[in-house]
Structures are given as structure tokens and as C-alpha cells.
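Enquirer: Would you mind keeping the following structure in view while I ask a few things?
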Amino acid sequence: MLTGRRRQFLDKIRKLYRETGAPVHYITVAEGLQVSKWTAYDVLLELEKEGFLERQYIVNSNEKSPGRSMVMFVPVTAAPDAGGNGGSPPAFSLDWQQARTRLLDALSNLLPREAGRVAGELLQEMSKKNHPVITSAYTLTILLVYLKSLGKRALQVVRNALQKAPRPEAGLFLATGTGLGLAVNMLSQNPLAGQLAGYLNRLQEQIGKLSGGEHKLLADFLHEALERAI
């Protein structure tokens, strides 16, 4: 249920988004409501969990920290009822949040020696998923799990490919293409890499069928997943 306090934050970020047409930084919300930046960040995360906001990662062009991603938020157009009447997020929003949390948790504190076991568990779970965005996120996570076993440098190669892309769709193609090349090189070390290569081929076909919003959702997820893995 949307509390009065959360509704205040939601109204503010919607207003800022309408005025600028651009993703909103949580510090901007904090300044507008005269609260601490950490309070604003925590409330916006809660709104994201409830399906009202979508988190995005924007590369910072500030000369003091070039190439560093900033956490931004945008209102979700198909958000649940903000009138406090107990509206619920769409089914996909709930499924996505559950899958996203599961996949990011799998990457956190992952040890290289656990890669085979974790990848096997994710492959089994993925076979029960139907939505193309969720299965795509699973495939991307399995890729990162394998690359984690190769060391940080392999993950950095994928992150660099993603950051250089001019738009989300191109970034996903570059990242999966780079991962596909690395997976092929892993065949002699791990026979499951061949299975991964097959999934990545199908993922590239699927990316071409997704909408622009879905590309953005997946690219943002991949940004955060790489931060967790590295």
C-alpha cells in the first residue's frame, strides 16, 4: 500500500520527470523535499520494489569521475494505483522484481569455484520461465557466472563493451557478442560453455524482437549485475 510519505516522493519525482523528460537523480528529489540524500534513495528503492519506479544507470560525463554510472529513477507508466486503494503492480512487474532479486543475489559474493553449481541451478530455473525479458536476464546472469570463474578481467571486458554502446539495444548485442566469444574460448575448459554459447545465440535473436523499453530494462539490469559480479 502506498503511504502518504511515499506518495509525496512519488509525486515529486513524477513532477521532476514531466518538467525535464529525463531520468531523475535521487539527490534532486532529496533537495526538492529537503531530506537527506540517503532518505530519498531508500524511499525511491521502496517505490521501485512496489512497481512505481524503474532504476536506470546513466554514465556520468563529469570530468572528475568520467565513465562512472549514476543511479537515476523514472516513473513507470504502467504503475499501480497511486491513490492508496490497494492497487497491485502488473503480474510482470512482480515476476521481474522476484527474478531480478534472485539473479543479483546469485552474483553477490559468488566464488569462482561455485560457478558450475550456480549456473546449473539457474539453467534449471530458467526452463520454467516464460517471459522473454526474464529468460534473457537469466541467460545474461549465467554468462556472468561463467565469466566470474575466469577472473575479473573477463567481466571488465563485457562492462567496457556495454558502456561504449550508444543505446541499450546496441549495448546488449555488444555484451552478448563479447560473452559469446569468451564462451567459445572456454570450451576446452568447461563443456557446459557450449550450452551457454547456444543460449547466447538465442538471446541475440531474442534481443532483436524486444521493445525499446525492454532493451532499457535489460541493459540497466546488466549494468547492476556486472557491478555485483565485479
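Enquirer: Which one of the conditions (1) open to solvent by 30 Å² or more (accessible area, probe 1.4 Å); (2) under 15 Å from the mean Cα position of the chain (by Cα) does residue 106 fail to meet, given that it meets all the rest?
Expert: (1)
Enquirer: Tell me which helices (runs of 4 or more DSSP H) are completely within region 111-228 and hold 2 or more residues being open to solvent by less than 50 Å² (accessible area, probe 1.4 Å) and of a type in the set (Ser, Thr, Tyr), or say none if there are none.
Expert: Helices (runs of 4 or more DSSP H) meeting the threshold: 132-150, 168-185.
Enquirer: For region 10-41: of the residues being hydroxyl-bearing (Ser, Thr, Tyr) and in contact with a strand residue (DSSP E or B) (Cβ under 7 Å, 6 or more places away or on another chain), which is surrounded by the fewest Cβ atoms within 10 Å (Cβ to Cβ)?
Expert: Start the filter on region 10-41 by keeping residues that are hydroxyl-bearing (Ser, Thr, Tyr), which leaves 17, 20, 26, 28, 36, 39, 41.
Now restrict to residues that are in contact with a strand residue (DSSP E or B) (Cβ under 7 Å, 6 or more places away or on another chain): 17, 26.
On the way: 17: 16, 26: 23.
Top of the filtered list is 17.
The values are calculated or read from the model by the stated rules, or taken from the named source; none is laboratory data. Fair warning: this is a prediction, and the values are worked out from it, not measured in the lab. Here Cβ is always computed from backbone atoms with ideal geometry, including for glycine, and neighbour counts include all displayed protein chains. The protein model used for the area step is the full one, side chains on, heavy atoms only, and it has no ligands, DNA or RNA in it. Shrake-Rupley method; radii C 1.70, N 1.55, O 1.52, S 1.80 Å.
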